[in-house]
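Written out below as structure tokens is the structure these notes cover.
The values are calculated or read from the model by the stated rules, or taken from the named source; none is laboratory data. Small disclaimer: the values here were computed from a predicted structure and weren't measured. So basically every Cβ, Gly included, is an ideal-geometry build from the backbone, and we count neighbours across all protein chains shown. Areas reflect the complete protein model, heavy atoms only, side chains present, ligands, DNA and RNA absent. Shrake-Rupley method; radii C 1.70, N 1.55, O 1.52, S 1.80 Å.
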Amino acid sequence: MDKKNKLIIILLIIGVLAFCAVQFIIIPHNKAMQEEYNARQNDSLTHDIENILSYKSAYIGDASNNANLFNRLPLNSVHRKFKIDPDDCFLTIYYLDTLWNIGEAKVHRDLVYNSVSAMALIDNLEQITYEFSGDVFIFTREEIENLFDHDLSSLLNQETWNEKVQSKLHDSDFVSRFYE
Amino acid sequence: MDELKKYTEALFARQPQTSKVQDLKDEIYGNLLAKKQDLISQGYAESEAIAKTKDSILSVEGIIEGNQLTYINRFKTECWQTLLLYGSILWILSIPTIIMARIPFSIITFFTVVFFGISYLNSKKNNQDEVAFVNEGRYKKMSRTVWIIWCIFFVVSTVTVTAVMFGSNIWFVRPIRITGPYAFASVAVRYYIPAVTVLLPIAIGSFPKILAYNERKDYNG
């Protein structure tokens, strides 16, 4: 009986230590890592493509898939509304903010990134229009494919994506070609 | 119902209603009737004969098959201690699930440990030398029942989790994506929680062994 009691006391001590380690070390550490990761997801230069691969879809008509996809792309902190035109396979996103508030350079870079991501993942998406208060930007599949010089769905793995898409967005001249 | 019949029923009131017990009950009732008749034939008045007959057998605990004279409080204390031991292991195993935001499971196991701990300490206060008859079959049956309930729970929860986690993937023909260790852990934890509760039927399953260990062996019936 005494042996069992000793074992119980040892187990309870292990339990208390494990609980403290989880509560005061592991959880705060994970939380900080998650916050850092989330912050990276709001920037096209550090966004993780793996985070959106599950939203691959053949059709633009899946509204919840579209909304979830853009929740995980840069500019996800800006309130927005969607309009889908399934006949022409067009998507329009109304951002409820101004370029001036968000930062023009960031918006330009993130819109290119979001467009290439969405078109790579949604097979029949032909055109995306982004409307801000006072500004409208239109991206077509043809234009995106020409400038990236690739079939977009073939870019969808971490290495190719980093090399062919993300690294190019560091170059502001490359980004500006989408706005000429 | 005559008085000896009522008395016989009272003697067996706490015994399991099996066919063997029923046969024994009939046999004892027959013996009591015979004894009463014998006493009456010896010249005792009926009421006196009945009283003497009743005095001849005060309990049937010792003659029921499977009944074992046991240090009852030691047995109960060790049962609570075993539950506390396995409950503590279960609590430790539940702690990593907090990381996956499965906080209620950890809270439940913690309060289970508290409950087992209080029950164990209370049980220790009782007279540990007290003896009573305990039916080992009852505890074996309890152990089997708990295992059956746990198996049903485990199968149902595993099937439910699989249907909820992967049902839509199968239905909509989407690939099942586990993108990293965190995604794997969030799936695995749903199977892990029901699996670790196996410690409870293991603990309860050890009760018959604890009962055998606490038998008062110098008793000869």
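For (1) assigned to a helix (DSSP H, G or I); (2) in contact with a helix residue (DSSP H, G or I) (Cβ under 7 Å, 6 or more places away or on another chain), each residue gets a yes or a no:
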{"position": "B:Ile28", "(1), (2)": "yes, yes"}
{"position": "B:Leu33", "(1), (2)": "yes, yes"}
{"position": "B:Glu48", "(1), (2)": "yes, no"}
{"position": "B:Thr70", "(1), (2)": "no, yes"}
{"position": "B:Lys76", "(1), (2)": "yes, yes"}
{"position": "B:Trp80", "(1), (2)": "yes, yes"}
{"position": "B:Tyr86", "(1), (2)": "yes, yes"}
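On the stretch given as the stretch B:87-97, residues that are open to solvent by 10 Å² or more (accessible area, probe 1.4 Å) and at the interface with chain A (Cβ under 9 Å from one of its Cβ atoms) total 4. Within the stretch A:142-160, the residues that satisfy the criterion of being open to solvent by less than 60 Å² (accessible area, probe 1.4 Å) and more than 15 Å from A:Lys56 (Cα to Cα) are A:Glu143, A:Ile144, A:Glu145, A:Leu147, A:Phe148, A:Thr160.
Looking at A:Ala67, A:Ala58, which one is surrounded by fewer than 15 Cβ atoms within 10 Å (Cβ to Cβ) and within 14 Å of another protein chain (Cβ to nearest Cβ)?
Just a single option satisfies the conditions, and that option is A:Ala58.
Say whether the condition of being open to solvent by less than 50 Å² (accessible area, probe 1.4 Å) and under 28 Å from B:Ile204 (Cβ atoms) is met by at least one residue in the stretch B:14-29. Yes, some residue in the stretch B:14-29 is open to solvent by less than 50 Å² (accessible area, probe 1.4 Å) and under 28 Å from B:Ile204 (Cβ atoms).
Go through the stretch A:10-49 and report how many residues are surrounded by fewer than 13 Cβ atoms within 10 Å (Cβ to Cβ), within 13 Å of chain B (Cβ to nearest Cβ) and charged (D, E, K, R). Adding up the residues that qualify gives 1. Tell me yes or no: at least one residue of the stretch A:100-122 is in a loop (DSSP other than H, G, I, E, B), open to solvent by less than 40 Å² (accessible area, probe 1.4 Å) and over 21 Å from A:Ser172 (Cβ atoms). Scanning the stretch A:100-122, I find no residue that is in a loop (DSSP other than H, G, I, E, B), open to solvent by less than 40 Å² (accessible area, probe 1.4 Å) and over 21 Å from A:Ser172 (Cβ atoms), so the answer is no.
From the list B:Ser47, B:Ser56, the one residue that fits, being open to solvent by 70 Å² or more (accessible area, probe 1.4 Å) and outside the structural domain of B:Ala132 (by TED's automatic domain parsing), is B:Ser47.
The combined condition, being open to solvent by less than 50 Å² (accessible area, probe 1.4 Å) and within 12 Å of chain A (Cβ to nearest Cβ), is not fulfilled by B:Gln68.
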